[in-house]
Amino acid sequence: MNEPIKKIAVLTSGGDAPGMNAAIRAVVRACTYYRVECVGVYRGYQGLIEGDFETLNARHVSNIISKGGTILKSARSAEFRTEEGRFKAHKHLIENGIGALVLIGGDGTFTGGLKFIEEFNFPLVGIPGTIDNDIYGTDNTIGYDTALNTVVEAIDKIRDTASSHNRLFFVEVMGRDAGFIALNSGIGAGAEEILIPEKNLGLDRLVESLNKSKEKGKTSSIVVVSEGDKIGKNVFELGDYITEHFPNYDIRVSVLGHMQRGGSPSCYDRVLASRLGVAAVEALLDRTTGVMVGITNNKVSTVGLNKAIKMNNDIDPELLKVAEITSI
Ligand code: F6P
């Protein structure tokens, strides 16, 4: 750990997110700036296990800042969950003279990183890259802003057809365990109701709210449902349940799915990714390890990886109130 770091590896893991390429670019170029060799690892932890590495220089990452996905590809490696898999990964790092790792991903990625530190004390720093925004210690994760804009654009289009046909639409958005995408896109797209996993409002409350909408003269409605919503029904069952209670409603269900993870990153995500990529390399060169770099109140910050994954971001009650008031 006291020898100077001469080589840093970077990987992307878990669900991809727009802006991951911008983060890779920043890591590679920060390494070039500080005269450290940079190695790209393909397919996340699986590439680490297989030694699927490529040296990257500043020109390798030209023109990727605007591209969605990840040039390093991503994977959810079952083998890395085994001791044997992690042993192979460590062996490849040592054999290639790699002194530190930058992990770009979400909670699963950071959980793997913590295990790696525990077993090998290998220096590593995380960068939050997930559209879900469900990581503690950063105001935004890379990809979240772009995903929100994608969702709002899609719901705006659904709104056009919903209002032409006087229909009620249930729109399912991503967020396995977190309602940030649903809540913020719901406010941004003017949804009548927003269902999120953090707050189970119950079916009766939904029926009551839809009744009120009808009484107020609304002829079409959008209900945004987070995929992880805990109301006890998936979005199609929810649609069926409401059809039973409102036989006169013309109901449709739309699942936005993986298109939410694609597309060119927003300017916000590009800047965020660039800042965090540079910060991650600087942290490693300063001998910092076991942390995630994030942005707090528009300043680069660090938080322990264990905190980043365990302390869930709370839903802001002010946003819930805004959603309630503006959907009247
Ligand atoms: O990237 C996070 C996420 O988008 C979750 O919201 C979603 O549940 C999950 O990924 C689905 O990912 P996949 O289909 O790749 O397993």
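The values are calculated or read from the model by the stated rules, or taken from the named source; none is laboratory data. Values in this document were obtained by computation on a predicted structure and should not be read as measured data. Cβ: placed from backbone, ideal geometry, glycine included. Neighbour counts: every protein chain shown.
Which is in the same structural domain as GLY294 (by TED's automatic domain parsing), in a strand (DSSP E or B), modelled with pLDDT of 95 or more and closer than 24 Å to ASP177 by Cβ, of LEU101, LEU11, LEU114?
Values: LEU101 fails: closer than 24 Å to ASP177 by Cβ; LEU114 fails: in a strand (DSSP E or B).
Exactly one of LEU101, LEU11, LEU114 is in the same structural domain as GLY294 (by TED's automatic domain parsing), in a strand (DSSP E or B), modelled with pLDDT of 95 or more and closer than 24 Å to ASP177 by Cβ, namely LEU11.
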Can you tell me which residue is nearest to ILE251 (Cα to Cα) among those in the stretch 156-187 that are more than 16 Å from the ligand (Cβ to nearest atom) and of a type in the set (A, V, I, L, M)? LEU168
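Determine whether GLY105 is crowded, with 23+ Cβ neighbours inside 10 Å and either over 20 Å from ALA283 (Cα atoms) or within 17 Å of the chain's Cα centre (by Cα) (or both). Talk me through it step by step, then tell me what you get.
Details: crowded, with 23+ Cβ neighbours inside 10 Å: yes; either over 20 Å from ALA283 (Cα atoms) or within 17 Å of the chain's Cα centre (by Cα) (or both): yes.
The answer is yes for GLY105.
Does the stretch 103-126 hold any residues that are acidic (Asp, Glu) and within 21 Å of MET20 (Cα to Cα), and which are they?
At the first step, the residues of the stretch 103-126 found to be acidic (Asp, Glu) are 107, 118-119.
Of everything in the stretch 103-126, just one residue is acidic (Asp, Glu) and within 21 Å of MET20 (Cα to Cα), namely ASP107.
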List, please: which pairs have Cβ atoms under 9 Å, are six or more places apart or on different chains, and start with a residue in the stretch 160-177 that is at positive phi and assigned by TED's automatic domain parsing to the domain that holds LYS218 and end with one that is within 11 Å of the ligand (Cβ to nearest atom) and part of a strand (DSSP E or B)? GLY175/SER226
I want to confirm something. Restricting to the stretch 15-31 and keeping residues that are part of a loop (DSSP other than H, G, I, E, B) and crowded, with 24+ Cβ neighbours inside 10 Å, which single residue is nearest to the chain's Cα centre (by Cα)? ALA17
Output the residues belonging to the stretch 32-53 that are out of contact with any His (no Cβ under 8 Å at 6 or more places or on another chain) and surrounded by 24 or more Cβ atoms within 10 Å (Cβ to Cβ). CYS38, VAL41, GLY44, TYR45, GLY47
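If the requirement is being among the β-branched types (Val, Ile, Thr), crowded, with 16+ Cβ neighbours inside 10 Å and assigned to a loop (DSSP other than H, G, I, E, B), which of these qualifies: ILE231, ILE242? Steps first, please.
Values: ILE242 fails: assigned to a loop (DSSP other than H, G, I, E, B).
Result of the check over ILE231, ILE242: ILE231.
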If you scan the stretch 265-291, which residues turn out to be within 21 Å of GLU153 (Cα to Cα) and either in a helix (DSSP H, G or I) or out of contact with any Pro (no Cβ under 7 Å at 6 or more places or on another chain) (or both)? SER266, CYS267, TYR268, ASP269, ARG270
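Could you look through the stretch 193-214, keep only residues that are of a type in the set (Asp, Glu) and out of contact with any helix residue (DSSP H, G or I) (no Cβ under 7 Å at 6 or more places or on another chain), and pick out the one that is surrounded by the most Cβ atoms within 10 Å (Cβ to Cβ)?
Residues of the stretch 193-214 of a type in the set (Asp, Glu): 193, 198, 204, 208.
Then drop every residue that is not out of contact with any helix residue (DSSP H, G or I) (no Cβ under 7 Å at 6 or more places or on another chain), which leaves 198, 204, 208.
Working: GLU198: 20, ASP204: 8, GLU208: 12.
Here the answer is GLU198.
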Pairs only if they're at least six apart or on different chains, beta carbon under 6 angstrom, first in the stretch 311-328 and within 12 Å of GLU193 (Cα to Cα), second assigned to a loop (DSSP other than H, G, I, E, B) and not aliphatic (A, V, I, L, M); list them, first residue then second. SER327/GLU192
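Which of the residues that make up the stretch 129-143 are part of a loop (DSSP other than H, G, I, E, B) and within 13 Å of the ligand (Cβ to nearest atom)? Outline the logic, then answer.
Taking the stretch 129-143 as the starting set, the residues that turn out to be part of a loop (DSSP other than H, G, I, E, B) are 130-141, 143.
Scanning the stretch 129-143 gives THR130, ILE131, ASP132, ASN133, ASP134, ILE135, THR141, GLY143.
Condition check: more than 23 Å from THR12 (Cα to Cα), in a helix (DSSP H, G or I), without any contact (Cβ under 8 Å) to a residue 60 or more places away in the chain and more than 16 Å from the ligand (Cβ to nearest atom). Does GLU153 satisfy that?
Details: more than 23 Å from THR12 (Cα to Cα): yes; in a helix (DSSP H, G or I): yes; without any contact (Cβ under 8 Å) to a residue 60 or more places away in the chain: yes; more than 16 Å from the ligand (Cβ to nearest atom): yes.
When the stated conditions are applied, GLU153 passes them.
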Here the qualifying pairs (Cβ atoms under 6 Å; residues six or more apart or on different chains; first in the stretch 56-68 and without any contact (Cβ under 8 Å) to a residue 60 or more places away in the chain; second assigned to a loop (DSSP other than H, G, I, E, B)) come out as ILE64/ILE71
Among the hydroxyl-bearing types (Ser, Thr, Tyr) and within 14 Å of the ligand (Cβ to nearest atom), is that true of THR146? yes
